[in-house]
Amino acid sequence: MNYKKGFTLVELLVVIAIIGVLATIAVVAVNYARSYAKTVKAQHDIAQIEKTINMLADDSGTWPGHQEVNKIHSVSNNEICSDGCSYGLTDSRAGLVETDGSYNNWVGPYIENIPVDPWGNQYFFDTDYRVDTDGKPCSGGSACVDTVSVGSYGPDGVGNNQYNSDDIIKILVK
């Protein structure tokens, strides 16, 4: 008998199927890792902004936008953000990167610049950000409470009083 060496069609299809499954698993893992890395980067940036806000408060006795330290302000236009707000955290009225001249004892800049979040949006500072009892963003209802928070609007970029579950926040006062 004369046997030819090689693979059968079935063997080749099984190998191709296995390679396809492994490639799919690898792509899913890489996408998850990218998403996770963006979230961790946002959390790190928010921690840096929190430190900056605390330095401004220690020196001037006020928070960005001349808001009283450790107090929830449930008034209109109290948010400092780029989406629907009158100015953002990099503005001189916020007092973090530069001053508008009206901050007592200002010795900044407290941060060289404030980066955009990993999804291309500016970070925010809100003195009446709504959260539920677990500290997660809350859009309404009696279980929501106001907090002072700094954060990112997350991957969807929806913000300024439109709280949703993908927001990444750090609560300063509850």
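The values are calculated or read from the model by the stated rules, or taken from the named source; none is laboratory data. Given the structure is predicted, the values throughout are model-derived calculations rather than measurements. Counting neighbours? That spans all protein chains shown, and the Cβs are built from the backbone with ideal geometry, glycine included.
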Condition check for Ala94: buried (at least 17 other Cβ atoms within 10 Å of the Cβ) and under 30 Å from Asp156 (Cβ atoms): yes
Selected residue (criterion: surrounded by the fewest Cβ atoms within 10 Å (Cβ to Cβ)) from residues of segment 71-91 that are acidic (Asp, Glu) and under 21 Å from Ile171 (Cβ atoms): Asp83
Answer residue from segment 119-174, given it is at pLDDT below 85 and of a type in the set (A, V, I, L, M) and is surrounded by the fewest Cβ atoms within 10 Å (Cβ to Cβ) among those: Ala143
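Just for segment 4-57: of the residues that are among the basic types (Lys, Arg) and in a loop (DSSP other than H, G, I, E, B), which one is nearest to Phe124 (Cα to Cα)? First the steps, then the outcome.
So in segment 4-57, the residues among the basic types (Lys, Arg) come out as 4-5, 34, 38, 41, 51.
Remaining after also requiring in a loop (DSSP other than H, G, I, E, B): 4-5.
Numbers: Lys4: 70, Lys5: 67 Å.
Checking each candidate, the answer is Lys5.
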Any chance Trp119 is within 21 Å of Lys71 (Cβ to Cβ) and hydrophobic (A, V, I, L, M, F, W, C): no
Checklist (1) closer than 26 Å to Gly61 by Cα; (2) touching a residue at least 40 places away in the same chain (Cβ under 8 Å); (3) of a type in the set (Gly, Ala, Ser) applied to Gly95, failing item: (2)
Pairs, first hydroxyl-bearing (Ser, Thr, Tyr) and assigned to a helix (DSSP H, G or I) in segment 58-79, second modelled with pLDDT of 90 or more and surrounded by fewer than 17 Cβ atoms within 10 Å (Cβ to Cβ), C-beta under 6 Å, six or more apart: Ser60/Asn104; Ser60/Asn105
Residue match in segment 6-17 (condition: over 20 Å from Pro118 (Cβ atoms), polar (S, T, N, Q) and surrounded by fewer than 10 Cβ atoms within 10 Å (Cβ to Cβ)): yes
